[in-house]
1. Give the residue that is surrounded by the fewest Cβ atoms within 10 Å (Cβ to Cβ), with candidates limited to residues of region 19-66 that are of a type in the set (Lys, Arg) and within 23 Å of residue 4 (Cα to Cα).
2. Of all residues in region 88-120, which are surrounded by fewer than 10 Cβ atoms within 10 Å (Cβ to Cβ) and more than 31 Å from the chain's Cα centre (by Cα)?
3. On the basis of being on the phi < 0 side of the Ramachandran plot, of a type in the set (Gly, Ala, Ser) and modelled with pLDDT of 90 or more, does residue 104 make the cut?
4. For the subset of region 72-87 comprising residues that are aliphatic (A, V, I, L, M) and under 20 Å from the mean Cα position of the chain (by Cα), which member is modelled with the lowest pLDDT?
5. Mind checking which residues of region 60-75 are outside any loop (DSSP other than H, G, I, E, B) and in contact (Cβ under 8 Å) with a residue 40 or more places away in the chain?
6. Among the listed residues 117, 78, 109, identify the single one that is over 30 Å from residue 37 (Cα atoms), in a loop (DSSP other than H, G, I, E, B) and either within 11 Å of the ligand (Cβ to nearest atom) or free of Cβ contacts under 8 Å to residues at least 40 places away in the same chain (or both).
7. Take residue 47 and decide whether it is modelled with pLDDT of 95 or more and in a strand (DSSP E or B).
8. Suppose the filter is modelled with pLDDT under 90, of a type outside the set (Val, Ile, Thr) and either more than 16 Å from the ligand (Cβ to nearest atom) or surrounded by fewer than 11 Cβ atoms within 10 Å (Cβ to Cβ) (or both); does residue 69 pass it?
Amino acid sequence: MAPLTFTKCFDPDGARFGIPTYPWRLAPEGLATRRQLRAEGLRPGGQPIAAQLLRPRFRREPLVAYLYRVDLAQPVRPMTSRKWGALALAMLARRTCPQCSTDAGYVIPASLGMCVPCAYPEEQRVA
Ligand SMILES: [Zn+2]
């Protein structure tokens, strides 16, 4: 295979690669990678890949990043109330001291295995 040069990666009509292709870091306006969408709280939402970025590499296959249309992206699905409830219960369990069974107000440190007053009763009394 002939080495892929930077200019060969510029194929906005997809004549060479089948889908619109741009050199790395030269993505057109309105297109974003999955990672870039995620940073904006978006997801591709089932849309097909709109274009790809190619970065030639010496004697290796080029790096490929797929681009999606930002205008077709959808917001990341918010957590359901059931998920929130399960998370709250899990957090409460992690905050509850197994020694005195009270909500410590913070996650019980794994190194102590109990809340701080239970782990250091003497020092609490002095303080
Ligand atoms: Zn305790």
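The values are calculated or read from the model by the stated rules, or taken from the named source; none is laboratory data. Owing to the predicted nature of the structure, the values given are computational and were not obtained by experimental measurement. With ideal geometry, Cβ positions are generated from the backbone for all residues, glycine too; neighbour counts draw on all protein chains shown.
1. Here the residue is 59.
2. Scanning region 88-120 gives a single hit, 101.
3. Details: on the phi < 0 side of the Ramachandran plot: yes; of a type in the set (Gly, Ala, Ser): yes; modelled with pLDDT of 90 or more: yes.
So residue 104 fits the description; yes.
4. Step one: filter region 72-87 for residues aliphatic (A, V, I, L, M), giving 72-73, 76, 79, 86-87.
Keeping just the survivors that are under 20 Å from the mean Cα position of the chain (by Cα) gives 72-73, 76, 79, 87.
Values: 72: 95, 73: 95, 76: 87, 79: 74, 87: 84.
So the residue we want is 79.
5. Initially, region 60-75 is screened for residues outside any loop (DSSP other than H, G, I, E, B), giving 60-72, 74-75.
Scanning region 60-75 gives 62, 65, 67, 70, 71.
6. Every option except 109 fails the conditions.
7. Details: modelled with pLDDT of 95 or more: yes; in a strand (DSSP E or B): no.
Judged against the criteria, residue 47 is not a match.
8. Working: modelled with pLDDT under 90: no; of a type outside the set (Val, Ile, Thr): yes; either more than 16 Å from the ligand (Cβ to nearest atom) or surrounded by fewer than 11 Cβ atoms within 10 Å (Cβ to Cβ) (or both): yes.
No, not satisfied.
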